[in-house]
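J.: Take a look at the following structure, please.
The values are calculated or read from the model by the stated rules, or taken from the named source; none is laboratory data. Quantities reported herein were computed from a predicted structural model and do not represent experimental measurements. No Cβ is skipped: glycine too gets one built from the backbone with ideal geometry, and neighbour counts run over all protein chains shown. When the accessible area is computed, the model is the full protein with side chains, heavy atoms only, and any ligands, DNA or RNA have been set aside. Shrake-Rupley method; radii C 1.70, N 1.55, O 1.52, S 1.80 Å.
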Amino acid sequence: MLKPAEFYQRDREWHPPALTPDYKTSVSRSPQYALISLQGSPSEITGPVFGQNDIDPVDNDLIKNYAQPGEGPIGERIILHGRVLDENGRPVPGTLVELWQANAGGRYRHKKDTYLAPIDLNFGGCGRTLTDENGYYYFRTVKPGAYPWRNWVNSWRPAHIHMSIFGSGFAQRLITQCYFEGDPLIHKCPIVNTIPDPDAIDQLIARLDMNATIPLDSIAYKFDIVLRGRRSTLFENRLEGN
Amino acid sequence: MPQELNYLKETPSQTAGPYVHIGLAPGAAGFDIYKQELGWDIAGPNAKGERIRVEGVVVDGTGSPVKDVLLEAWQANSEGVFAHPEDSRDVENGFRGWGRVITDFETGEWGFDTVKPGASPARGGTLAAPHINLWVVARGINVGLNTRLYFDDEPEANAKDAVLNLIEWEKRRATLIAKRSERDGKVLYRFDIKIQGEDETVFFDI
């Protein structure tokens, strides 16, 4: 039978609230009623499992995974790497990490993106990988460009990479965005500023990692991701080591 | 000063944005990059139980369809077993119980094929009424919204379900009940999700 141990509750004061009027789209897309809080049950504690058969080895190399043979995308070559951990500091192994991003000019390969920066014929802009036994992941890509968007008349998104992470239970499911150290647009961005706590915003800013750069090849940024942690001792007044 | 607890903080959520399809459903974004996209086949070919289709639309506070939404489903098989190492029971070969769906960009309609889940384990050794867990992300949604889809042909199980009963307002429980019908001899459940406003769907902090 299931041996459920619950996840620590999500700190809703650390995450952005649903209604954040400066990010205008949230106004009509935010529930008005309070969320109903559920204690964890198998529906939330379990979640999908992925394996190497689900992906291809090249899926984490955005410099190659959509390029014509012998060609590559324009832009600053970067390594984005880090670990997926839980709130207890334990690695989350074998979990699926997916990402998507604009190209170096700030243009997405998407039917709905009409920004005047050109599509890069050699860049798709999405990748995925599984963390290894230590929770480690890495991607190779080009640094995305900033781009304008319709919020205020003159709103620009800082360079960012969207990331989707699963964890081991559906309650850990998370989508976030990774920003890059030193970008002056970060603190002007209404989407970044949906997050109330400056320390929480800092958690989304990848740091330049000179030790992981590949000399004469690629600059590296390190971005660790933390998923919800889990109780391991007490559950419904019974001892449940896990 | 007392000792530090040294827990890490969960990475804060950010909206999936308008281009979520590039990452999670690139075929829909208009390009072919992966040999296989994930999440289009929830139940697999060997799943036992009743084959069903679930359809709906996600509606915003103005009453308009949300056309750039992405939903993920997580469910047990027809015997109430989750395809997860912590559920010691077996599922059919190829059954994952997880799916991902986007909308028609013109209408906002979404739909997926699966099998109807069985009653699954709940807290305290009880059973949950058959349900599908749903996670909704889109531009303008800062933290993905969790809800549950229950079935209108399970009135007895629904009446006993601990999660439904946790919703203080009985009227609001109805927002989680999908309506059964048939189309071309196939079983169809309709489940519209209202993010905001009149008859707002119940969302959970799980």
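J.: Please work out if A:Asp54 is charged (D, E, K, R), on the phi < 0 side of the Ramachandran plot and touching a residue at least 24 places away in the same chain (Cβ under 8 Å).
T.: Spelling it out, A:Asp54 is indeed charged (D, E, K, R), on the phi < 0 side of the Ramachandran plot and touching a residue at least 24 places away in the same chain (Cβ under 8 Å).
J.: In region A:19-39, which residues are at the interface with chain B (Cβ under 7 Å from one of its Cβ atoms) and open to solvent by less than 40 Å² (accessible area, probe 1.4 Å)?
T.: Of everything in region A:19-39, those that are at the interface with chain B (Cβ under 7 Å from one of its Cβ atoms) and open to solvent by less than 40 Å² (accessible area, probe 1.4 Å) turn out to be A:Thr20, A:Thr25, A:Ser26, A:Ser28, A:Arg29, A:Ser30, A:Pro31, A:Ile36, A:Leu38.
J.: Can you tell me which residues in region B:8-31 are facing another protein chain (nearest Cβ under 7 Å) and either open to solvent by 10 Å² or more (accessible area, probe 1.4 Å) or over 22 Å from A:Gln203 (Cβ atoms) (or both)?
T.: Matches in region B:8-31: B:Leu8, B:Lys9, B:Pro18, B:Tyr19, B:His21, B:Ile22, B:Leu24, B:Pro26, B:Ala29, B:Gly30, B:Phe31.
J.: Separate question: Do any residues in region B:84-107 that are more than 7 Å from chain A (Cβ to nearest Cβ) and open to solvent by 20 Å² or more (accessible area, probe 1.4 Å) have Cβ atoms under 6 Å from those of residues that are modelled with pLDDT under 95 and not in a loop (DSSP other than H, G, I, E, B), where the two are at least six apart or on different chains, and which pairs are they?
T.: Close Cβ pairs (under 6 Å, with a partner that is modelled with pLDDT under 95 and not in a loop (DSSP other than H, G, I, E, B)) amount to B:Ile102/B:His21; B:Ile102/B:Ala28.
J.: Next question, about the same structure. List the number of the failed condition for B:Glu37; all other conditions in (1) part of a loop (DSSP other than H, G, I, E, B); (2) buried (at least 18 other Cβ atoms within 10 Å of the Cβ); (3) within 21 Å of the chain's Cα centre (by Cα) hold.
T.: (2)
J.: Taking region A:40-61, which residues are more than 7 Å from chain B (Cβ to nearest Cβ) and charged (D, E, K, R)?
T.: A:Asp61
J.: Identify the single condition in (1) within 9 Å of chain A (Cβ to nearest Cβ); (2) open to solvent by 30 Å² or more (accessible area, probe 1.4 Å); (3) farther than 25 Å from A:Thr176 by Cα that B:Lys48 does not satisfy, given that it satisfies every other one.
T.: Going through the list (1) within 9 Å of chain A (Cβ to nearest Cβ); (2) open to solvent by 30 Å² or more (accessible area, probe 1.4 Å); (3) farther than 25 Å from A:Thr176 by Cα, B:Lys48 breaks only (1).
J.: Being surrounded by fewer than 17 Cβ atoms within 10 Å (Cβ to Cβ) and either in a strand (DSSP E or B) or not β-branched (Val, Ile, Thr) (or both) is the filter here, so list the residues in region B:56-67 that pass it. Walk me through how you get there before you give the answer.
T.: First, pick out the residues of region B:56-67 that are surrounded by fewer than 17 Cβ atoms within 10 Å (Cβ to Cβ): B:62-64.
B:Gly63, B:Ser64 - these are the residues of region B:56-67 that are surrounded by fewer than 17 Cβ atoms within 10 Å (Cβ to Cβ) and either in a strand (DSSP E or B) or not β-branched (Val, Ile, Thr) (or both).
J.: Another question, if that's okay. When the residues of region B:1-17 are narrowed to those that are among the hydroxyl-bearing types (Ser, Thr, Tyr) and touching a residue at least 40 places away in the same chain (Cβ under 8 Å), which ends up nearest to A:Gln9 (Cα to Cα)? Working first, answer last.
T.: Start the filter on region B:1-17 by keeping residues that are among the hydroxyl-bearing types (Ser, Thr, Tyr), which leaves B:7, B:11, B:13, B:15.
Checking which are touching a residue at least 40 places away in the same chain (Cβ under 8 Å) leaves us with B:13, B:15.
Numbers: B:Ser13: 14, B:Thr15: 20 Å.
My answer is B:Ser13.
J.: Further question: Among (1) assigned to a strand (DSSP E or B); (2) open to solvent by 60 Å² or more (accessible area, probe 1.4 Å), which single condition is B:Glu168 missing?
T.: (1)
J.: Among (1) assigned to a loop (DSSP other than H, G, I, E, B); (2) more than 20 Å from the chain's Cα centre (by Cα); (3) aliphatic (A, V, I, L, M), there is one condition B:Ile22 misses while meeting the rest; what is its number?
T.: (1)
J.: Another one. Just for strands (runs of 3 or more DSSP E) wholly inside region B:74-145: which have at least 1 residues that are in contact with a helix residue (DSSP H, G or I) (Cβ under 8 Å, 6 or more places away or on another chain)?
T.: B:98-102, B:131-137
J.: (1) at the interface with chain B (Cβ under 8 Å from one of its Cβ atoms); (2) in a loop (DSSP other than H, G, I, E, B); (3) charged (D, E, K, R): which one isn't true of A:Lys64, the others all being true?
T.: Among (1) at the interface with chain B (Cβ under 8 Å from one of its Cβ atoms); (2) in a loop (DSSP other than H, G, I, E, B); (3) charged (D, E, K, R), A:Lys64 violates only (1).
J.: Now, a different point. List the pairs whose first member sits in region B:149-160 and is touching a residue at least 24 places away in the same chain (Cβ under 8 Å), whose second member is assigned to a helix (DSSP H, G or I), and whose Cβ atoms are under 6 Å apart, counting only residues at least 6 apart or on separate chains?
T.: Pairs found: B:Tyr150/B:Asn158; B:Tyr150/B:Leu176; B:Asn158/B:Leu164.
J.: Another question, if that's okay. Given the structure, is A:Asn134 touching a strand residue (DSSP E or B) at 6+ places or on another chain (Cβ under 9 Å) and closer than 30 Å to B:Glu86 by Cβ?
T.: Spelling it out, A:Asn134 is indeed touching a strand residue (DSSP E or B) at 6+ places or on another chain (Cβ under 9 Å) and closer than 30 Å to B:Glu86 by Cβ.
J.: Could I ask something else about it? Of all the residues that make up region A:193-234, how many are hydroxyl-bearing (Ser, Thr, Tyr) and either assigned to a loop (DSSP other than H, G, I, E, B) or open to solvent by 40 Å² or more (accessible area, probe 1.4 Å) (or both)?
T.: 3
J.: For residues in region B:111-127 being in contact (Cβ under 8 Å) with a residue 40 or more places away in the chain and facing chain A (nearest Cβ under 7 Å), which is surrounded by the most Cβ atoms within 10 Å (Cβ to Cβ)?
T.: So the residue we want is B:Ser120.
J.: Which pairs have Cβ atoms under 9 Å, sit 6 or more apart or on different chains, and link a residue in region A:144-173 that is among the β-branched types (Val, Ile, Thr) to one that is assigned to a helix (DSSP H, G or I)?
T.: What qualifies is A:Ile165/A:Gln172.
J.: Separate question: Go through region A:178-192 residue by residue and tally those that are of a type in the set (Val, Ile, Thr) and open to solvent by 50 Å² or more (accessible area, probe 1.4 Å).
T.: The number of residues fulfilling the criteria is 0.
J.: On the given criteria, is B:Gly140 within 13 Å of B:Ala47 (Cα to Cα) and out of contact with any strand residue (DSSP E or B) (no Cβ under 9 Å at 6 or more places or on another chain)?
T.: no
J.: In addition: Keeping to region B:171-206, report how many residues are in a helix (DSSP H, G or I) and within 11 Å of another protein chain (Cβ to nearest Cβ).
T.: Total meeting the criteria: 4.
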